[in-house]
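All remarks here apply to the structure that follows.
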2 protein chains.
Amino acid sequence: VVTTDTLTDQVDFQLGQCRPCRAGRKALAVNLSDLAAMAAQPLAAFVSLVIPRDAHESLPRELFDGIVALAEQFRIAIAGGDTNSWNGPLVISVTALGTTTERGPLRRNGARPGDAILATGTFGGSILGHHFDFTPRVAEALQLHQRYELHAGIDVSDGLALDLGHVCQESGCGALVQLDQVPLAEAAYQLSQTSGRSPLDHALGDGEDFELLLAVPPAEAAAILRDQPIGVPVTRIGQFIDQPGLWSLADGMRKPLPATGYQH
Amino acid sequence: VVTTDTLTDQVDFQLGQCRPCRAGRKALAVNLSDLAAMAAQPLAAFVSLVIPRDAHESLPRELFDGIVALAEQFRIAIAGGDTNSWNGPLVISVTALGTTTERGPLRRNGARPGDAILATGTFGGSILGHHFDFTPRVAEALQLHQRYELHAGIDVSDGLALDLGHVCQESGCGALVQLDQVPLAEAAYQLSQTSGRSPLDHALGDGEDFELLLAVPPAEAAAILRDQPIGVPVTRIGQFIDQPGLWSLADGMRKPLPATGYQH
């Protein structure tokens, strides 16, 4: 499997406000998260840089420090790339290759009505640091995919609601989210204190959580929730349903759930 | 084999002065040329775009028209990608996958002293149009690699002299170029009339010819020159030598040859 993701200054990071190694790390990490979403083992990555001509000469080295440290952590090769300079802002484009296991790739289109929606970790407030520091759920996806029957998966980059909607669209079904079950990150509470939005709103729409959403048949889901096998909490946040679209369940009321998240 | 190349507005093309489909075509074509340099059969390409927010809404479509037309010509899939927008100029990043034949990849490091330097096509003046319209020498490389013993190869993107220097460095030898044998493009003569530089200077240093330079043992080189098997002229422009560095031969005099070309 192949994935590619391009990050740009002022959109995915603010180069003036973060150490370049963090931007480099993020550029590789988002691609590893995409491989995790397919339950693929990362093999190698290819890095194209477009460097501003007026950047400090140490910039490429600092970017690569962040990239290489993460590559070593995940035991993958930086196997090639391309370096350019120009009079524009920094662009980092990464393409990553992975191999699937004998179970094949996890896809977005396999969710079936009745499947539980399982989520790893917590959601919301990623802008407070998590959008740089997250760990791609590669090991977690491989473990779950090997031990349990998973029907579909995605990593949450754009937003929990929006990315869940992608699974629904690809699978031809809907989703019902139990709002009181959505695991909220500490950062979601923190951000809520100044944003005027609830922690739940942040969890549903902030994006860049880089956690996994999985469609899992009920018996398997029960086993995962009981076993908690991956060192990161797994939570059931609802189920896939026949009725198309995104729906929320709170206080016994079913309402349409807006597909909040980052629109490219 | 995997190759990746990123093209940017104002460096690799001037978006205000060319139809976007030509920029799109070029972004894929340079990658196919890289696969040709390895004598690899292209399989699939992945295209990441960063689109200026103020661009006409037709820009992505027009870019893809150029990309897809070339992909169809070479029978490869555009198998994925990433689309972003920002307040900067257009960036097109392409990663291409290819497979080598049973002969394995053609590399840069196999040239040996005594090998002939063979070149496909003509050189110089690419800025007059060839840098958009060139045909990646994929079929030509595959044919030559299959029928003859080739020791090394490269495609000329930065400049004939500079790229020949890359082969020398990787192979641990030098090269002696017979200046009167370098095949000059019509565009090299044309450009020479206003540039104040000779057609040969243009041929040696303009770059973006996207022709092949090959290191070929003498007997095989003679056969290729006799057979002319690929529908594009193949010319012997010199030979690889023991003495490191780039050298020119003209009127019986051996002189250092500057490694002219585009410095990234």
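The values are calculated or read from the model by the stated rules, or taken from the named source; none is laboratory data. Quick caveat, the model's predicted, so the values are computed rather than measured. No Cβ is skipped: glycine too gets one built from the backbone with ideal geometry, and neighbour counts run over all protein chains shown. Quick note on the areas: whole protein, heavy atoms, side chains included, nothing else; ligands and nucleic acids left out. Shrake-Rupley method; radii C 1.70, N 1.55, O 1.52, S 1.80 Å.
Once region A:19-36 is narrowed to residues that are away from chain B (no Cβ under 13 Å) and open to solvent by 10 Å² or more (accessible area, probe 1.4 Å), the residue that is modelled with the lowest pLDDT is A:ARG19. Residue check: A:GLY16 meets all listed conditions (1) buried (at least 17 other Cβ atoms within 10 Å of the Cβ); (2) more than 10 Å from chain B (Cβ to nearest Cβ) but one, namely (1).
Looking at A:ALA45, A:ALA79, which one is within 14 Å of another protein chain (Cβ to nearest Cβ), open to solvent by 30 Å² or more (accessible area, probe 1.4 Å) and either under 29 Å from A:LEU144 (Cα atoms) or out of contact with any strand residue (DSSP E or B) (no Cβ under 7 Å at 6 or more places or on another chain) (or both)? Quick ask: steps written out before the conclusion?
Details: A:ALA45 fails: open to solvent by 30 Å² or more (accessible area, probe 1.4 Å).
Result of the check over A:ALA45, A:ALA79: A:ALA79.
Evaluate the following for B:ALA40: is it crowded, with 19+ Cβ neighbours inside 10 Å, in contact (Cβ under 8 Å) with a residue 60 or more places away in the chain, more than 14 Å from chain A (Cβ to nearest Cβ) and within 20 Å of the chain's Cα centre (by Cα)? Criteria not met by B:ALA40. Taken residue by residue, region A:14-25 has no member that is over 15 Å from the mean Cα position of the chain (by Cα) and within 30 Å of A:VAL216 (Cβ to Cβ).
A residue that is closer than 24 Å to A:ASP9 by Cα, outside any strand (DSSP E or B) and among the hydrophobic types (A, V, I, L, M, F, W, C) occurs nowhere in region B:65-87.
Annotation note: Cβ proximity below 7 Å between a residue of region B:95-109 that is within 14 Å of another protein chain (Cβ to nearest Cβ) and a residue that is aromatic (Phe, Trp, Tyr) and surrounded by 13 or more Cβ atoms within 10 Å (Cβ to Cβ) (sequence gap 6+ or interchain) occurs for B:THR95/A:PHE46; B:THR95/B:PHE46. The residues listed here are A:GLY121, A:GLY98, A:GLY80, A:GLY125; of these, the one that is out of contact with any Pro (no Cβ under 9 Å at 6 or more places or on another chain) and small (Gly, Ala, Ser) is A:GLY80. If you check B:ALA175 against the conditions, is it of a type outside the set (S, T, N, Q) and within 14 Å of the chain's Cα centre (by Cα)? When the stated conditions are applied, B:ALA175 does not pass them. Being under 15 Å from B:ALA152 (Cα atoms) and either in contact with an Asp or Glu (Cβ under 8 Å, 6 or more places away or on another chain) or part of a helix (DSSP H, G or I) (or both) holds for only one residue in B:LEU213, B:LEU204, and it is B:LEU213.
Looking across region B:126-147, just one residue is assigned to a loop (DSSP other than H, G, I, E, B) and closer than 17 Å to B:ILE237 by Cβ, and that is B:ARG137. If I filter region A:190-203 for residues that are within 22 Å of A:ARG108 (Cα to Cα), buried (at least 23 other Cβ atoms within 10 Å of the Cβ) and in contact (Cβ under 8 Å) with a residue 40 or more places away in the chain, do I get at least one hit? Looking for residues that are within 22 Å of A:ARG108 (Cα to Cα), buried (at least 23 other Cβ atoms within 10 Å of the Cβ) and in contact (Cβ under 8 Å) with a residue 40 or more places away in the chain, one finds at least one in region A:190-203, hence yes. Selection over region A:210-245 of residues that are open to solvent by 60 Å² or more (accessible area, probe 1.4 Å) and either within 15 Å of A:ALA175 (Cα to Cα) or among the β-branched types (Val, Ile, Thr) (or both) gives a count of 6.
Would you check if there is a residue in region B:170-190 being within 24 Å of B:THR3 (Cα to Cα), assigned to a loop (DSSP other than H, G, I, E, B) and acidic (Asp, Glu)? No, that holds for no residue. Taken over region B:95-120, residues that are in a loop (DSSP other than H, G, I, E, B) and either of a type in the set (Ser, Thr, Tyr) or surrounded by fewer than 21 Cβ atoms within 10 Å (Cβ to Cβ) (or both) amount to 12. Please indicate, with yes or no, whether at least one residue in region A:229-252 is on the phi < 0 side of the Ramachandran plot and free of Cβ contacts under 8 Å to residues at least 60 places away in the same chain. Scanning region A:229-252, I find no residue that is on the phi < 0 side of the Ramachandran plot and free of Cβ contacts under 8 Å to residues at least 60 places away in the same chain, so the answer is no. Being at pLDDT 95 or above, in a strand (DSSP E or B), touching a Phe, Trp or Tyr at 6+ places or on another chain (Cβ under 8 Å) and within 11 Å of another protein chain (Cβ to nearest Cβ) is true of A:VAL50.
When residues in region B:148-167 are screened for being assigned to a helix (DSSP H, G or I) and surrounded by fewer than 22 Cβ atoms within 10 Å (Cβ to Cβ), 2 of them pass.
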